[in-house]
Amino acid sequence: MKDKLKILQINKFYFLKGGSERYLFDLSKILEVAGHQVIPFAMRDEKNWPSSYREYFSEPMDLHKFSLKNIFKIFFNWDARRRLEELINRTKPDLAHLHIISYQLSPSVIAVLKRRNIPIVMTLHDYSPICPNAKLFTRGGLCERCRGGKYYHCFLNKCSHNSYGQSFLAMLESYVNLRWLKVYENVDLFIAPSQFVKDVGVKFGLPENKIKVINHFIEINNNFQDVSSSNYILYFGRLDPGKGISVLLEAMRHVNQRISLKLVGVGPDYKKLKNEIERLNLSGRVELLGSKYGDELLVLIQGALAIIVPSILPESMGYSALESLAMGKIVIASRIGDLSEIIQDGENGFLFKAGDSDELAKKINLAVERDESIKNMENNAKKSVSGLTPENHYEKIMELYKKIIDLDGR
C-alpha cells in the first residue's frame, strides 16, 4: 500500500446536518493532516461547505417534492453515477469510504466503484443496508419487523414519514436494492461505530467477517469549568421524533423545580415541542435555543449539571454523549442502541428505560444533587472516553484501509 492515499469520502450531504457529517468532516481532517488526499463526493446544496471538487457533485434532490424523476433517482441516480465517474477519471482514487448514500445518491455509486475495481469501505451511520427507513424505529419504538427481507412491513406501518406513499417507495427500494440486486454485497468491509450496530447487522444478514467495530473519536477538552452554581440540564442534537425529547419534557414535570432545561438544535419537531412545552406549563423552565455551534455550544455544555440523551430510537454512536463525557459531564441516557455501551450506570452517568419519563426524572434528580458520588462520576466520565482519541482512530482506520486495498491486490 502506498504511504499516502487518495481517498474518496462519499456522503449525500456536505454540510453539518448530523452526526454522520460531523464524523465525515472530522475524519477528513485527520486524514489530510496525515498527508492523504481526501476527495469528497456529495449532492450539491447551497449549505455545502467549500470544496474544490464541488463541480462534480450530483444534482440537488428534494425527497419531499414528488416527481417521477426523483422516484427513479431513489432506485438508481444516473446523474450521481455519471458525475462520480468523471471525478474518478480526474483523481484516480485508491479507495472509497462511503457514509450515507441512500435515496439522494442511491446505490448507483456502489455500482460505479465496483465496475472500476475501487475498494469500498462503508461506515454504518444508520441502518439503510438492512432497514427501509434506515432507523430500526417505527410506531414509537425499536422495530425489527423487516428482518428476513419482509420489507412490506414498512408500507403496512407507514414507517417513512408516516406516509403510505413514501413508505411504499421505501419498501420497493429495499426489495430492489437489498433483496434482489443485493447491492451492499459489493462493499468490501463495513465499519460499525458500536458493538450494537454490528450485532444487529449480523442479525439481519450482513456477514460478520465483513464488519469491524471502530468507535467514533472525540477531542478531549481539558478546560471545562466548575459548574456547582449551575441550575440547568441540557439536551443538544436534532429535534426529531426518535430523539425522545417529549419523554424528557414529561419528566421535567417531576424534576426539582429549581432545575431548568435548555434544548439546543433544530429539526422537524421544533413547533410540536414548542406547543408541548406550553401544554405542560413548562414555559418558565424550558428554553428552545435553536442551533448552537463551536464555542457557544461548548459553553452551554460546560455550564450544564448533566447532559440528557433520551433517545427512543437505537443510536449507532451518540456524538453528544461522547462529547459530553470528554468534558467531564454526567450523561443521563436511555438504555437503547449503543448508549448502554457508552454509559455505565452509576459510574460515568445514569441509564433509564427508553420512553420511561418517571425513571428519567428520578435519575435527573439524583444527578443534580451534586454530592460526592456525583463528583466522582464526573471524574470517571472523562476517563471513560480517554481512549477515543483522533490518533487511535487514525491508526485503526488506516489498518482497515490497508486491509481492503490488500484484498483488492493493489
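Since every read-out is calculated from the coordinates, none of them should be taken as a lab result. As the structure is a computational prediction, the values presented were derived from the model and not from experiment. Virtual Cβ from ideal backbone geometry, glycine too; neighbours counted across all protein chains shown.
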Hey, rough spin-label estimate for residue 283 and residue 203, points 7 angstrom out along Cα→Cβ, what's it come to in nanometres?
-> 4.4 nm
Too long at a 22 Å Cα-Cα cut-off: which of 135/158; 243/375; 12/135; 47/382; 243/362; 212/403?
-> 243/375; 47/382
Determine the distance separating the Cα centre of segment 129-204 from the Cα centre of segment 340-392; give it in Å without decimals.
-> 31 Å
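Taking the Cβ-Cβ separation of residue 213 and residue 296 as r and a Förster radius of 30 Å, what is the calculated FRET efficiency to the nearest 0.05?
Computed FRET efficiency for residue 213 and residue 296 comes out at 0.35.
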MRE, 222 nm, helices only [DSSP H, n ≥ 4, -39500 (n - 2.57), over the chain, to nearest 500] = -11000 deg cm²/dmol
Sorting 342, 149, 123 by the position of each Cα along the dipole of the chain (Lys, Arg +1; Asp, Glu -1; all at Cβ), the one nearest the positive end of that ordering is 149
Specify whether the C-alpha gyration tensor of segment 334-403 places it in the rounded, prolate or oblate class, a ≥ b ≥ c being the square roots of the eigenvalues: rounded for a/c under 1.5, otherwise prolate if a/b is larger than b/c and oblate if not.
-> oblate
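Quick one: of the DSSP bridges fully inside the chain, what percent are antiparallel, nearest 5?
5 percent
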Take residue 379, project a point 7 Å from its Cα along the Cβ direction, then tell me which residues of segment 204-221 have their backbone nitrogen under 19 Å from it.
-> 221
Run the quick spin-label model on residue 257 and residue 403: label points 7 Å from Cα toward the beta carbon, then report their separation in nm to one decimal.
-> 5.7 nm
Once you have the Cα-Cα distance between residue 111 and residue 32, take 0.36 nm times their residue separation minus that, and quote the gain in nm to one decimal.
-> 25.8 nm
Measure nothing fancy, just the Cα-based angle from helix 164-174's long axis to the longest principal axis of the chain, in degrees from 0 to 90, nearest 10.
-> 50 degrees
Computed for segment 130-180: size of charge dipole around the Cα centre, +1 on C-beta of each Lys and Arg, -1 on C-beta of each Asp and Glu, debye to nearest 20, value 140 debye
Nitroxide proxy distance, nm - points 7 Å out along Cα→Cβ at residue 371 and residue 48 | 5.6 nm
Residue span residue 92 to residue 3: 0.36 nm per residue of separation minus Cα-Cα distance leaves a gain in nm of 30.5 nm
